[in-house]
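To keep things clear, I will list the structure first and then write my remarks on it.
The values are calculated or read from the model by the stated rules, or taken from the named source; none is laboratory data. Since the model is a prediction, treat every value here as computed from it, not as a measurement. Ideal geometry is used to build each Cβ from the backbone, glycine not excepted, and the neighbour counts take in all protein chains shown.
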Amino acid sequence: MNTLNGKTLFITGASRGIGLAIALRAARDGANVAIAAKSSVPNPKLPGTIHTAAEAVNAAGGQGLALKCDIREEDEVRAAVAATVDTFGGIDILVNNASAIWLRGTLDTPMKRFDLMQQVNARGSFLCAQACLPHLLQAPNPHILTLCPPPSLEPKWWGPHTGYTLAKMGMSFVTLGLAAEFGPQGIAVNALWPRTLISTDALNMIPGVSMANGRSPEIMADAAHAILVREAETCTGHFFIDDEVLAEAGVTDLSRYAVDPSQPLLPDLFL
């Protein structure tokens, strides 16, 4: 089973970046993809909306469903999940991709920004899982894949931006817990994180970092695909790194993912 043909994916934050790349990779197999994101109208700073993403999914060979959904809002999440099930008949895969980032120290982190990160990252991942689980439990090969790092208590990751690290590691601990609870029930619950920076529009928010020092989102999409076609019962509780997943799948030449092959690749945070 190396295809997602006919599978239904619910992907948060899929209007652009890594979420969109995962959606398009699934669409090439003929998957149904619910694009759950806030961006329903174009943003001058960030390209892509749920509608352009759904159109791209359709053009790639899948079935796209545009769902305006702020994953901080429980009612919106439950409505988006219900709409996905009404449209496609079920949910096979949840991809927790939506995330908020603010890489500043404690004195430079407004509480509004702190709260946003906690609500979107850890709480949002938990809420989306809770809403999708009744449907995942009925699916033949169900997966939850969350984009978060291996859990770490290393002070070097916490000192520079405690708020963001707490929010991101929150997603990691949610993954740990869900894997322990639902792995025995046949749901694969795993995490995926990049070895290097991934060149997305979110990178533009980080001062001193260039898109040229990263890989394209397609490396994460290909790694996610390799995980999501695995047998759920024998694949749970893992914190995968993109290049290791691809190596296991026999892909060792990663040069095509480099944005600028002449530039050095910068390692991602938390690795």
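Only one residue in LEU228, LEU203 is closer than 22 Å to THR252 by Cα and either touching a strand residue (DSSP E or B) at 6+ places or on another chain (Cβ under 7 Å) or not charged (D, E, K, R) (or both), so which one is that?
Checking each option against the conditions leaves just LEU228.
Any idea which of GLU181, GLU233 is within 22 Å of ILE93 (Cβ to Cβ) and without any contact (Cβ under 8 Å) to a residue 12 or more places away in the chain?
On the way: GLU233 fails: without any contact (Cβ under 8 Å) to a residue 12 or more places away in the chain.
Matching residue, one of GLU181, GLU233: GLU181.
Which of the residues that make up the range 71-103 are buried (at least 17 other Cβ atoms within 10 Å of the Cβ), without any contact (Cβ under 8 Å) to a residue 60 or more places away in the chain and of a type outside the set (A, V, I, L, M)?
Selection gives ARG72, GLU76.
Please work out which residue is surrounded by the fewest Cβ atoms within 10 Å (Cβ to Cβ), limiting yourself to the range 203-230 and to residues that are within 17 Å of LEU271 (Cβ to Cβ) and touching a residue at least 60 places away in the same chain (Cβ under 8 Å).
ILE206
I'm trying to understand the selection: among the residues of the range 73-118, which are among the aliphatic types (A, V, I, L, M) and closer than 30 Å to ASP268 by Cα?
VAL77, ILE93, LEU94, VAL95, ALA98, ALA100, ILE101, LEU103, LEU107, MET111, LEU116, MET117
Checking THR200 against (1) of a type in the set (Val, Ile, Thr); (2) closer than 30 Å to LYS7 by Cβ; (3) at pLDDT 95 or above, which single condition isn't satisfied?
The number of the failed condition is (3).
Is at least one residue of the range 145-157 touching a helix residue (DSSP H, G or I) at 6+ places or on another chain (Cβ under 8 Å), closer than 25 Å to GLU244 by Cα and part of a helix (DSSP H, G or I)?
Yes, there is a match, as at least one residue in the range 145-157 is touching a helix residue (DSSP H, G or I) at 6+ places or on another chain (Cβ under 8 Å), closer than 25 Å to GLU244 by Cα and part of a helix (DSSP H, G or I).
Go over the candidates PHE240, PHE270 one by one and state the one that is crowded, with 16+ Cβ neighbours inside 10 Å and at pLDDT below 95.
PHE270
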